[in-house]
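Notes to accompany the following structure.
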Amino acid sequence: MANAVLPAQVPSPLLAILHRSPLRLERQNGLVLLFGHPAVFRLGLCVATDRALAGDSVLYLDGANVFDPFLIGRLARAGGAAPNAVLGRIHVSRAFTCHQMARLVTERLAGALRTYRARLIILSGPLETFYDEAVPYQEVAGLLHRILATLRHFAHLGHRLLCLSPVPPPEAKGRDTLLKTLSAQANRLIWVEATEAGVSLREIGASAPRSWGISRVVWESL
């Protein structure tokens, strides 16, 4: 049964919705995959802002070049905080190739976790650079294997991990199997789609089916 979305002024309702949704991540959740509609990227930014407002440090690894400080600033003000203070708790690293993404995760993530004492790791578009046909598929598959092994290690240590992956683009051809590989390693799967009413989130494989809705009015006011 879907949770009701309470009407209120925006953009602050979205932060309240997150607290009632499957994106209210807990340490025992391990790796959570948010996939489907490109709205996953904006939802990930909302999660990052929500945790930063709570005083947590967040590591945000951006493989899709979608980090939006202006959206975070609006949400921060709605939450009663100075945008710079919230942005200062979100530590962004960008990757423009699959090799850069692999290095961020396998070589630099552990040090960043120690430096910033982060409680949440968000990988935004971790597969976007892996669709580059200039890199042989076998090499891409090997890099993804190393990334997933590292993420499983951090999940085992109790870190919260959120991966944001839209469905592969048509030009990805046979590389759509990469998303299946990633989803097979996730502890929780949450499907996101756009509807006439707004944006819906549905948890897949849970013992009790759960779904959440974000109204179009709230979503389009961000």
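Taking the residues in the stretch 189-218 that are of a type in the set (Gly, Ala, Ser) and either part of a strand (DSSP E or B) or at pLDDT 95 or above (or both) as candidates, determine which candidate is surrounded by the most Cβ atoms within 10 Å (Cβ to Cβ).
So, considering only residues that are of a type in the set (Gly, Ala, Ser) and either part of a strand (DSSP E or B) or at pLDDT 95 or above (or both), the one surrounded by the most Cβ atoms within 10 Å (Cβ to Cβ) is GLY213.
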Is there a residue being farther than 20 Å from PRO38 by Cα, of a type in the set (Lys, Arg) and not in a loop (DSSP other than H, G, I, E, B) anywhere in the stretch 112-130? yes
If you go through GLY63, GLY73, GLY44, the only one that is out of contact with any helix residue (DSSP H, G or I) (no Cβ under 9 Å at 6 or more places or on another chain) and either more than 18 Å from ARG210 (Cα to Cα) or modelled with pLDDT of 65 or more (or both) is GLY44
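Being over 16 Å from THR106 (Cβ atoms), in contact with a His (Cβ under 8 Å, 6 or more places away or on another chain) and buried (at least 19 other Cβ atoms within 10 Å of the Cβ) is true for just one of ALA118, ALA186. Which residue is that? I'd like the intermediate steps shown before the answer.
Working: ALA186 fails: in contact with a His (Cβ under 8 Å, 6 or more places away or on another chain).
Residue meeting the stated conditions: ALA118.
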I need the full set of residues from the stretch 87-124 which are modelled with pLDDT under 95 and in contact with a helix residue (DSSP H, G or I) (Cβ under 6 Å, 6 or more places away or on another chain), in order please. LEU120
Filter the stretch 49-92 for residues that are over 24 Å from ARG103 (Cα atoms) and among the basic types (Lys, Arg) and give the result. ARG51, ARG74, ARG77
Please enumerate the residues belonging to the stretch 72-103 that are in a helix (DSSP H, G or I), within 12 Å of ALA52 (Cα to Cα) and in contact (Cβ under 8 Å) with a residue 40 or more places away in the chain. LEU75
Just give me the residues in the stretch 127-148 being in contact (Cβ under 8 Å) with a residue 40 or more places away in the chain and β-branched (Val, Ile, Thr), in sequence order. THR129, VAL140, ILE147
Among the residues of the stretch 85-115 satisfying the criterion of being of a type in the set (Ser, Thr, Tyr) and more than 14 Å from VAL140 (Cα to Cα), which is surrounded by the most Cβ atoms within 10 Å (Cβ to Cβ)? SER93
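The values are calculated or read from the model by the stated rules, or taken from the named source; none is laboratory data. Predicted model, so just to flag it, every value in this text is computed and none were measured. Note that each Cβ is placed from the backbone with ideal geometry, even for glycine, and that neighbours are counted across all protein chains shown.
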